[in-house]
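Colleague: What follows is a structure written as structure tokens; I'll ask about it next.
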Amino acid sequence: MGNGQNWDGVTTADTMKLPTTMRAWVLGDPDELTLVDKPLPAPERAEALVRIDAVAICATDLEVISYGTPAVVEGGKPFNKNWTPGHEYMGTIAALGPGVDEFEIGDRVTVEIHAGCGQCKRCRAGMYTSCHNYGLNYGDKNKGHRANGFTSQGGFAEYAINNINTMIKVPDHMSDEEATLVVTAGTSMYGMTELGGLISGESMVVIGPGPIGLLAVAVAKSLGASPVILVGTRENRNEIGRQLGADYVIDGRKEDVVARVMEITGKGADYVMDCAGNETTVNDAVHMTNRGGKVCLAAFPKNPVNFDLGYLAVNNIYLYGTRGEGKSATHRAMAFMAAGRFDASVIHTHTFPLDSLPEALRYARERVDDAIKVVVSMRGKGNATGDKS
Ligand SMILES: [Zn+2]
Ligand SMILES: [Zn+2]
């Protein structure tokens, strides 16, 4: 689970002095987090030890901390297992596992969440977020699965272990905080990868201006989709969608969403990404799609929804479900962000130090002060009131 203590063959450097213990938040009972000292974990083959410099809070962290799912630790819920959540982090490589020469100590990296197991049918096809061995990394069920902050140790800590395939170098000009957002953009990119990728000149609707939806607008625009249409209900977030490249924004509270998409596109949208995932948005998504068009469901509806399946079949509409950030989509997202194709940092609203994680989580959960992305920074930025500077 990333707790190894075998330092034989591990490369370290005088430039990165390593402590023997690290501070880490661990999950006790639901919603109970405690800051403790843990032994520094040693990287194994194909792994590196990352000193975490910043970690963003995701809605899924809030779910894991309260309900456990979708985290699976030692075959069950993650409570009271000395386990650390957190998955959207970046940092600096502090030690290299045996045989690792793909990175150097001191490299700044941002990380994908899922390494998968690397051996099942889905991992072999690059669909490591749909690994058949999810959560199997313990005892006699050890298939080596890794998904940091879900099945292996996460990033609300000073250090974490990462597989080399999950790390992407961060350019010097990119801030720590912005680099934590690459995996969110990677999740948006994965949806578009599954939709076919070649969306330039095609119309794209994104429903739901949460972090993934807002960055889906940015990624769609960067891929050349035209027009890019955002559907949302909160004006402050819709405005950020405009900044990220939405050609049209539809206010779901004031307008007939499907009629408006038809008006803009003529025959319906070629592609739709539903990043809200409720009964209304799923049905809107299908009804606003052009014949032969494609819908990606990038959110997880909590309950079964009543859904116009007949309309989908009669109109030859394709439906895709995507989970997380597969097929190296995060690397492609970084290429856009490194080139400055969009400024993901406009969704970053608040910064806290590691000690203030519970307050940071409260800002994210209650959307205090219109919080969108709340980042915990280890490098001296941020204060207990969540100031952005
Ligand atoms: Zn996340
Ligand atoms: Zn697998």
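Colleague: Just list whichever of 221/302; 121/141; 267/327; 254/302; 121/143; 327/373 have alpha carbons separated by over 21 Å in the model shown. Display every interim value, and only then the final one.
Modeller: Working: 221/302 29 Å; 121/141 17 Å; 267/327 31 Å; 254/302 25 Å; 121/143 13 Å; 327/373 24 Å.
Over 21 Å Cα-Cα: 221/302; 267/327; 254/302; 327/373.
Colleague: Report the full-extension gain for the segment residue 200 to residue 370: residue separation times 0.36 nm, less the Cα-Cα distance, to one decimal in nm. Write out the running numbers ahead of the final one.
Modeller: On the way: separation 170, 0.36 × 170 = 61.20 nm, distance 3.26 nm.
That works out to 57.9 nm of additional length.
Colleague: Tell me the angle of helix 182-194 to the major Cα principal axis of the chain, expressed in degrees between 0 and 90 and rounded to the nearest ten.
Modeller: Once rounded, the angle reads 50 degrees.
Colleague: Taking K and R as +1 and D and E as -1, what net charge do the other residues with C-beta under 12 Å from the C-beta of residue 30 add up to? Don't skip to the answer; put the middle values down first.
Modeller: Working: positive: 77; negative: 29, 31, 32, 63.
Computed value for this residue: -3.
Colleague: Taking amide hydrogens as modeled 1.01 Å from N in the peptide plane, which residues meet the under 5 Å criterion relative to residue 116, leaving out close sequence neighbours?
Modeller: 146
Colleague: In degrees between 0 and 90, to the nearest 10, how far off the longest principal axis of the chain does helix 357-366 point, with axes built from Cα atoms?
Modeller: Helix 357-366 sits at roughly 10 degrees to that axis.
Colleague: Once you have the Kirkwood Rh of region 188-321 from its Cα pairs, apply Stokes-Einstein at 20 °C and 1.002 mPa s and quote D in µm²/s. Let's see the in-between values first.
Modeller: Values: Rh = 14.1 Å.
Estimated via Stokes-Einstein, D reaches 152 µm²/s.
Colleague: If you average the alpha carbon positions of region 252-296 and of region 79-124, how far apart do those two centres end up, in angstrom?
Modeller: 37
Colleague: So if R0 is 51 Å, what FRET efficiency would residue 142 and residue 263 give, r being the distance between their Cβ atoms, rounded to the nearest 0.05?
Modeller: On the way: r = 56 Å, r/R0 = 1.09.
Working from the Cβ atoms, E equals 0.35.
Colleague: Note down the net charge around residue 320, summing +1 for each Lys or Arg and -1 for each Asp or Glu among other residues with Cβ under 12 Å from its Cβ. Numbers along the way, then the final one.
Modeller: Values: positive: 294, 323; negative: 194, 274.
Net local charge, residue 320 excluded: 0.
Colleague: Residue by residue through region 44-54, which ³J(HN,Hα) values in whole Hz follow from phi under the Karplus form 6.51 cos²θ - 1.76 cosθ + 1.60 (θ = phi - 60°), with glycine and proline marked x?
Modeller: Along region 44-54, the couplings run 9, 4, 6, 10, 9, 8, 10, 7, 6, 9, 7 Hz.
Colleague: Once both axes come from the Cα atoms, what is the angle between helix 329-338 and the longest principal axis of the chain, in degrees from 0 to 90, rounded to 10?
Modeller: The angle comes out at about 90 degrees.
Colleague: Describe numerically, in nm with one decimal, the distance between label points set 7 Å from Cα along Cα→Cβ at residue 69 and at residue 243.
Modeller: With each label placed 7 Å out from Cα toward Cβ, I get 3.5 nm.
Colleague: Give me, ordered by chain and number, the residues 5 or more places off residue 202 or on other chains with an amide H under 5 Å from its own placed amide H.
Modeller: 226
Colleague: Could you run the Karplus curve 6.51 cos²θ - 1.76 cosθ + 1.60 with θ = phi - 60° over region 104-121 and give me ³J(HN,Hα) per residue in whole Hz, x for Gly and Pro?
Modeller: 10, 4, x, 5, 7, 9, 10, 10, 7, 7, 9, 8, x, 9, x, 10, 7, 4
Colleague: With both partners inside the chain, how many of the DSSP beta bridges are antiparallel, as a percent to the nearest 5?
Modeller: On the way: 35 of 61 bridges.
Once the DSSP bridges in the chain are tallied, antiparallel ones form about 55 percent.
Colleague: In addition: Could you give me the ³J(HN,Hα) list for region 270-281, computed from phi with Karplus coefficients 6.51, -1.76, 1.60 and θ = phi - 60°, whole Hz, x at Gly and Pro?
Modeller: For region 270-281, the Karplus curve yields 6, 9, 9, 10, 8, 9, 10, x, 10, 4, 5, 6 Hz.
Every read-out reported here was derived from the displayed coordinates using simple, explicitly stated rules and does not represent laboratory data. These numbers were taken from a predicted model, which means no experiment stands behind them. Counting neighbours? That spans all protein chains shown, and the Cβs are built from the backbone with ideal geometry, glycine included.
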